[in-house]
Every structure is written in C-alpha cells, then in structure tokens.
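For reference, the structure discussed in these notes is given below.
Coordinate-derived values only; no laboratory data. Worth saying up front: this structure is predicted, and the values here are computed from it rather than measured. Every residue, glycine as well, gets a Cβ built from its backbone with ideal geometry; the counts of neighbours run over all protein chains shown.
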C-alpha cells in the first residue's frame with residue numbers, strides 16, 4: 001500500500017517535472033524570472049506582514065499617523081486623478097480633433113512625465129512653485145503656498161499622472177466615426193446633447209481606465225512627492241514616504257504594515273482596471 | 001469642425017489645454033534647463049570636478065547597462081511565450097507582468113529589504129555566504145530590474161501578435177533552426193517594438209528613485225545614483241549642484257522622447273498601447 005502510494009507520488013512529481021521540462025526555453029526563463037523577481041519578494045513581504053498578530057497589524061494600519069498619511073495620499077491622488085480625467089479628456093480631444101501650430105510637439109511633450117525622472121520633477125516643481133519661484137511668486141501675494149504643503153503634493157501628482165488619460169483616450173477617440181455625431185446633429189440634437197449622449201458613452205471606459213491608472217501611479221509616487229512636500233506627519237506626509245521613514249527608523253514591521261495597505265489598494269485598482277477593460281471589450285463587440 | 005470655429009469653442013479649448021500644460025508641464029520642464037544654466041556653463045561643468053558626482057553618473061550607467069539587457073531577454077521570452085501560445089488565463093499573466101507598474105516603488109524596495117536584508121528571510125543566508133545585496137550595488141540592480149520589468153514585454157507583445165506565426169512556421173518548414181528563426185525572422189519583425197521597450201527601460205533605469213532609494217542606503221560616493229544625488233544636493237541646499245545633475249537627467253528625458261516619437265512614427269504601436 002505504502003509502496004503503491006509512494007510510486008503514485010513519484011509519478012505525480014514526474015509529470016509535474018515533465019511539464020516544466022517539456023516547456024520551451026522562453027517559458028522556463030519567463031517563469032523562473034517572475035518567480036525570483038516578483039513572487040519571492042512578495043512572499044517575503046507577506047511573511048513579514050503575517051508575523052505579527054492581526055490586532056497588532058490593525059493597530060498600526062489604523063494608527064493616527066497612518067490614517068492622516070492615507071488621507072494625504074488617497075484623497076489627494078483621487079482629486080488629482082479626477083482633475084486629470086477632465087483635462088486629459090480635453091487634451092486628447094484637442095489633439096485628435098483640432099489642427100493648430102506646434103501640435104506634434106505638444107503631443108510628444110505629454111510623455112514628459114514618463115521620460116523625466118521623478119526626482120527631477122520634484123526638484124523643478126518645488127523650485128517653480130516655491131515662494132520666489134516663477135509661479136509660486138505669483139501665488140504668494142494671495143497667501144497661497146504650494147511647495148512644502150499638501151498643495152505641492154497635488155501639483156506633483158498632477159504632473160506624474162498627466163499622460164495616462166490622454167494616452168488611453170487618444171486611440172479610442174481616433175476610431176470614433178464622425179458619422180454618428182453628424183447623424184445626431186442632423187436629427188436635431190444640440191451640441192451638448194450630442195457630446196453627452198453620443199460621444200461620451202463610448203469614451204467612458206477609456207477615461208475611467210486612465211483615471212484609475214493615474215490614481216494608482218499617484219498613490220505609489222515617492223520621488224517627486226518627497227522632494228515637494230515637507231513630509232511632516234499630519235500635514236503633508238504621504239503613505240509611501242511614511243513607509244520609507246519607518247524603514248529608516250528600523251521599524252520594518254511598521255513599514256510592512258503600511259506597505260501592505262498600499263499594495264492591497266494597488267491590487268484592487270489593478271483588478272478594477274481589468275474589469276473595466278473587459279467591459280470595454282464587450283462594449284466594442286456590441 | 002467649421003461650426004465649432006464659429007462659436008469659438010475650438011480656440012477656448014486649445015487655449016485651456018496650453019494654459020494647463022504650461023502650468024503643470026512646460027514651465028517646470030523649462031525651469032530645469034533655466035536653473036542649470038542661469039549662471040552660464042561654468043557651474044554645470046564645475047560639477048564634473050566633484051568625484052561624488054562622477055561616481056553617481058558611473059553608477060547610474062552601470063545599473064542601466066546591466067538591467068536593460070537582462071530585462072530585454074526576459075521581455076522577449078515572456079512576449080514570445082504569451083503571444084505565440086493560446087493559453088488560458090493569458091490576460092491574467094499579462095496582469096502579473098504588469099504588477100511592477102502598479103506597486104509603489106517604495107513598497108518594491110521594501111519587499112527586497114524584507115527578502116535580502118539583514119532582517120530579511122534570506123538574511124541568514126546572506127550573512128553565511130558573506131553576500132551583501134541591500135545597501136550595495138546588487139540590491140540596486142534588482143530594484144531597478146523590478147520596476148522596469150514590464151516595459152519590453154509590453155512593447156513587444158502587440159507587435160508579435162500583429163505579425164503572426166506564419167513566417168516563423170514557414171522558416172521552420174524550410175529547415176531553419178530555432179535560433180536562426182529568431183535572428184532572421186522574428187527579430188527583424190519586432191525590432192521597432194523591441195527598441196521602443198528598450199528605450200523606456202533605459203529611461204526608467206537611469207531615473208528610478210523610490211525603489212533604489214530604499215535599497216541603496218544612499219551612501220555618498222558608494223551607492224548614490226544620479227537621481228539620489230539630485231535629492232541629496234537639494235536637501236543640502238546645494239540647489240545649483242542639484243540642477244546640474246537634474247539637467248543631465250532632463251537631457252536623457254528629451255532624448256528618450258525624441259527617440260520614442262521617431263519610433264512611434266515608424267510603427268503603429270501608439271494605437272496599440
């Protein structure tokens with residue numbers, strides 16, 4: 001009996017081994033690299049996160065410093081993602097529909113936030129929006145301080161999440177047939193009705209995807225935010241900066257707890273984006 | 001089109017876009033170059049006399065030189081594996097490859113500290129073998145490879161899917177070996193997509209801040225890359241030095257954008273992305 005089950009086990013192992021050995025080299029490299037680079041580090045974090053009791057985890061995850069950091073990170077990221085949702089839609093519309101001088105250069109420049117390192121973005125935003133900077137000096141007489149406040153965090157987030165809505169929307173906008181709009185206009189719809197009822201619905205999945213991608217990026221942003229903000233708790237300390245500070249204070253568990261919250265939020269957004277895209281595909285097929 | 005011209009909607013929207021982009025994008029971008037060169041070229045070139053600055057440039061280049069080829073090999077393998085096989089859960093695998101884009105760089109760095117650091121689960125092994133990964137170059141390379149992992153695969157998959165397997169199958173029927181098919185058929189077909197991915201990988205490798213900041217310990221003259229140098233100089237109120245370093249990275253960004261634009265004109269990748 002024991003011999004039989006042992007043999008069975010051996011066979012099972014053999015078949016798993018054969019499946020791996022039978023896979024082609026690209027597959028093997030892909031899986032091994034993903035395992036080493038992605039799963040192993042995630043496993044390490046999972047083990048650390050579960051090393052304390054759930055009560056302890058909850059206490060740190062909902063401590064007042066952490067709560068205010070979530071407030072700074074998530075609320076600011078949401079507001080900036082929505083602002084970029086509106087402006088991104090207008091930018092994509094203008095770039096696809098209108099002709100004007102320097103259009104190509106402006107179109108290419110949308111990708112600046114992808115091409116410029118975040119540390120440089122933080123440095124230049126902190127300078128431009130400081131009290132004696134180009135834009136900051138214009139705002140200072142009104143008592144508006146941007147650099148080293150939460151507003152500065154918002155500007156940094158606006159910068160880094162700008163391209164997402166524009167870039168997800170442009171290809172969809174290009175594919176829309178102008179006949180639909182013309183038909184709506186011919187049938188007596190006003191321009192605003194045409195926009196809201198005819199043009200906007202098919203664009204919505206792309207806009208929402210872009211907003212979600214921008215939000216996700218803004219939530220995780222460290223480089224530009226840490227330079228623009230003063231990083232004072234309860235004022236403009238964001239969650240990723242808090243993770244970094246905890247680690248610097250040799251509080252690895254505290255860093256892990258807040259890092260896990262951030263990770264879970266990004267995973268939820270990722271699943272959400274996938275669902276939206278599935279919905280978009282269904283929309284496209286109809 | 002004609003109608004919107006009459007109502008002036010077009011002009012208002014274009015003006016709005018340019019004003020918004022100026023505030024958020026253009027003025028900050030121009031400011032990098034202005035601040036770096038406002039006292040002429042002397043402060044910029046003076047920076048090159050500092051050993052820690054030169055070391056930061058060197059380290060940034062070394063990391064990119066290692067990370068770009070490694071992630072290129074992985075990206076090509078993953079793209080081929082995904083694009084050439086009808087496997088269940090394909091979207092799921094692509095999502096997994098995309099994970100590093102949605103994980104905060106700081107969290108990515110934290111994961112590596114928890115894995116390879118002194119307190120990490122491989123900590124005893126590191127100590128036993130006398131290997132140093134965290135607060136040293138290997139950790140910075142791994143962190144950079146982590147955050148740039150998806151770029152090549154993401155740029156190559158759509159191109160591979162578009163070309164289809166027919167040419168490769170024809171080559172195989174004619175008796176070509178696997179590596180011959182890769183060099184002579186597949187690679188020429190995907191070259192622009194691959195190059196696009198390599199450019200993005202390179203830009204992010206040289207510019208990565210968060211993940212590298214966590215694992216490097218930012219030891220001046222040892223584990224300080226160019227982006228870390230920018231932050232350090234700024235914190236030390238050496239704004240001029242910070243901008244001299246930033247303008248180098250800014251130039252990298254401009255070159256990246258120009259190359260990207262050229263490649264996008266050559267391919268239709270922009271519509272695929």
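So here's what we get for this one:
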{"item": "The range B:193-258: mean projected area of Cα convex hull, nm²", "result": "4.9 nm²"}
{"item": "Cα centroid of the range B:206-273 to Cα centroid of the range B:9-55, whole Å", "result": "14 Å"}
{"item": "Residues of the range B:34-61 with amide N under 20 Å of a point placed 7 Å along Cα→Cβ from residue A:138", "result": "B:34-35"}
{"item": "Of B:33, B:243, B:146, the one that fluctuates the most in a GNM where chain B has Cα springs shorter than 10 Å", "result": "B:33"}
{"item": "Pairwise label distance in nanometres, residue A:186 with residue A:174, each label 7 Å out on the Cα-Cβ vector", "result": "2.7 nm"}
{"item": "Separation of the residue B:265 and residue B:48 label points, Cα + 7 Å toward Cβ, nm", "result": "3.0 nm"}
{"item": "Inter-label distance, nm, simple model (7 Å from Cα along the C-beta direction), residue A:97/residue B:180", "result": "5.6 nm"}
{"item": "Where only C-alpha atoms are counted, convex hull volume of the protein assembly as shown per residue in Å³", "result": "207 Å³"}
{"item": "Relative counts (whole %) of C-alpha pair distances in the range B:85-189, using bins that are 5 Å wide", "result": "2, 11, 15, 13, 12, 12, 10, 10, 9, 5, 1, 0"}
{"item": "Stretchable slack from residue B:251 to residue B:118, in nm (0.36 nm times residue separation minus alpha-carbon distance)", "result": "44.1 nm"}
{"item": "Candidates A:104, A:174, A:28: whichever shows maximal mean-square fluctuation once chain A is modelled as a Gaussian network with Cα springs under 10 Å", "result": "A:28"}
{"item": "For the range B:139-191 versus the range A:198-231, the gap between their alpha-carbon centres in whole angstrom", "result": "31 Å"}
{"item": "Calculated [θ] (222 nm, deg cm²/dmol) that DSSP helices of n ≥ 4 give over chain A, each run adding -39,500 (n - 2.57)", "result": "-23500 deg cm²/dmol"}
{"item": "For chain B, radius of gyration divided by Kirkwood radius, i.e. Rg to Rh on alpha-carbons", "result": "1.05"}
{"item": "Two-decimal ratio, chain A, of alpha-carbon radius of gyration to 2.2 N^0.38 Å", "result": "1.30"}
{"item": "Max mean-square fluctuation residue, GNM over chain A, Cα-Cα springs under 10 Å, options A:92, A:239, A:252", "result": "A:252"}
{"item": "Compactness of the range A:70-236 - radius of gyration and Dmax, Cα, Å", "result": "18.3, 58"}
{"item": "Between the range A:247-279 and the range A:43-88, the alpha-carbon center distance in angstrom", "result": "7 Å"}
{"item": "MRE, 222 nm, helices only [DSSP H, n ≥ 4, -39500 (n - 2.57), over chain B, to nearest 500]", "result": "-23500 deg cm²/dmol"}
